[in-house]
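S.K.: First the structure, then my questions, so here it is.
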Amino acid sequence: MAVIALTSASGSPGVTTTAVGLSLLWPRPVLLVEADPTGGSGILAGYFRGSHEYDAGLVELALSAAPIADALREVARPIPGTQVSFIAGTRSRSQANALHDVWRPFSEALGELESNGQDVIVDCGRLGLAHAPEPLTLGADLTLLVTRTNLPALSASRAWSDAVAQPGLDLGQTGLLLIGAGQPYAAAEVSAVVELPVIASIADDAESAAVFHRGAAPPKHFDTGLFVRSLRAAIESMRGAINRRRSGLLERAHS
């Protein structure tokens, strides 16, 4: 299907939690990449609750003498009982500089995984940080700016919307993923202010989100509850957006 990049403009709207949740509910084999340059794996410490030690990740990929596609397979770790493989980020923010020359070939290698029936979800962290993985956000089939719908979040998202909707990107390649639509602003209002289309919305449910954020025990009716249902709906919306974009590209190519 595609490479999907998630990023944010400020604060902690839930990029990592959303990336984990989407990956674990994804209908096809998927690679989850932790590319946040701030360092310290939020997924190993959060979803895995520290039960998995860091034994390989992006730094090892950068230092490998093997071709990038081979190195990618060497550092990816399967999540037992799922269709998800995981590549951990850096141990510390000081290591992010070592990835500067890796982001572009890594982005290309991720795009080639589709031929093997594998999709990719990338947690790119916050926009504007030093050593940010810009080639991943620009090279993805779909880049989503994750934001809540309160005024401070929308102000930050509006200020950074041009970073994900740069001139030259294909129409339909960028959009918004809302956390808690209607709290207080609705999707149409958010889209008008930020000037990006809303691709998907996820329910704001802290108790359910904690399952993916810090490995908490699932609450009652978790699998059929609003939070998981909204994640599944978001997946379908994202897949639909990518298919529409690709159809549009084909039409333009043949016109």
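The values are calculated or read from the model by the stated rules, or taken from the named source; none is laboratory data. This one's a predicted model, so the numbers in the text were calculated from it and none came from an experiment. Cβ atoms come from the backbone with ideal geometry, glycine included; neighbour counts cover every protein chain shown. Quick note on the areas: whole protein, heavy atoms, side chains included, nothing else; ligands and nucleic acids left out. Shrake-Rupley method; radii C 1.70, N 1.55, O 1.52, S 1.80 Å.
S.K.: Roughly what % of Cα-Cα distances in region 192-253 sit above 16 Å, to the whole percent?
M.R.: Taking all Cα-Cα pairs of region 192-253, the fraction more than 16 Å apart is 58 percent.
S.K.: With the chain treated as a Gaussian network of Cα nodes joined by springs under 10 Å, which of G81, G225, G125 yields the largest mean-square fluctuation?
M.R.: Of the options given, G81 has the highest mean-square fluctuation.
S.K.: Here's a follow-up. I want to check the label-to-label distance for H254 and E108. Put each point 7 Å from Cα in the C-beta direction and report it in nm to one decimal.
M.R.: Once both label points are built, they end up 2.9 nm from each other.
S.K.: Here is a follow-up. Using only protein heavy atoms and a 1.4 Å probe, report how much of I121 is accessible, in Å² to the nearest 10.
M.R.: Spelled out: I121, probe radius 1.4 Å, area about 0 Å².
S.K.: Please find, in a Gaussian network model of the chain (springs between Cα atoms separated by less than 10 Å), the residue of L138, L177, L25 whose mean-square fluctuation is greatest.
M.R.: Among L138, L177, L25, the largest mean-square fluctuation in the Gaussian network model of the chain belongs to L25.
S.K.: Determine the per residue accessible area of region 134-213 with all protein chains present and a 1.4 angstrom probe, expressed in square angstrom.
M.R.: With all protein chains present, region 134-213 gives 43 Å² per residue.
S.K.: Rank-order 45-55, 139-149 by packing density, defined as the average count of other C-beta atoms within 10 Å over each peptide's residues, highest first.
M.R.: Going by the mean number of other Cβ atoms within 10 Å, highest first, we get 139-149, 45-55.
S.K.: Out of all DSSP beta bridges in the chain, what portion is antiparallel? Express it as a percent rounded to 5.
M.R.: 5
S.K.: On to the next question. Compute the length gained on full extension between F222 and S115: take 0.36 nm times their separation in residues and subtract their Cα-Cα distance, giving the result in nm to one decimal.
M.R.: The span from F222 to S115 would gain 35.2 nm if fully extended.
S.K.: Which shape class applies to the chain: rounded if a/c is under 1.5, otherwise prolate when a/b exceeds b/c and oblate if not, where a ≥ b ≥ c are the square roots of the Cα gyration tensor eigenvalues?
M.R.: Note, shape of the chain comes out rounded.
S.K.: Given the options A71, A188, A62, state which has the largest fluctuation in a GNM of the chain using a 10 Å cut-off (strictly under) for Cα springs.
M.R.: Of the options given, A188 has the highest mean-square fluctuation.
S.K.: Okay, moving on. Which order do you get for S201, S8 if you rank them by accessible area with a 1.4 Å probe, largest at the top?
M.R.: Final ranking, largest accessible area leading: S201, S8.
S.K.: Report, as a whole number in µm² per second, the diffusion coefficient that Stokes-Einstein gives for region 1-139 at 4 °C and 1.567 mPa s using the Kirkwood radius over alpha carbon pairs.
M.R.: Estimated via Stokes-Einstein, D reaches 88 µm²/s.
S.K.: While we're here: Based on the inverse mean of 1/r over its pairs of different Cα atoms, what is the Kirkwood hydrodynamic radius of region 163-233, in Å?
M.R.: Here the Kirkwood hydrodynamic radius works out to 13.8 Å.
S.K.: Here's another thing I want to ask about it. Got a sec? What order do S23, S94, S247, S191 fall in by accessible area at 1.4 Å, biggest, i.e. largest, first?
M.R.: Correct descending sequence by accessible area is S94, S247, S191, S23.
S.K.: Using a 1.4 Å probe over the heavy atoms of the protein chains, calculate the carbon and sulfur portion of the accessible area of the chain as a whole percent. Working shown, then result.
M.R.: Values: 6160 of 11800 Å².
Roughly 52 percent, rounded to a whole number.
S.K.: Now for a different question. Quick one: work out the % antiparallel among DSSP beta bridges in region 1-120, nearest 5.
M.R.: About 20 percent, rounded to the nearest 5.
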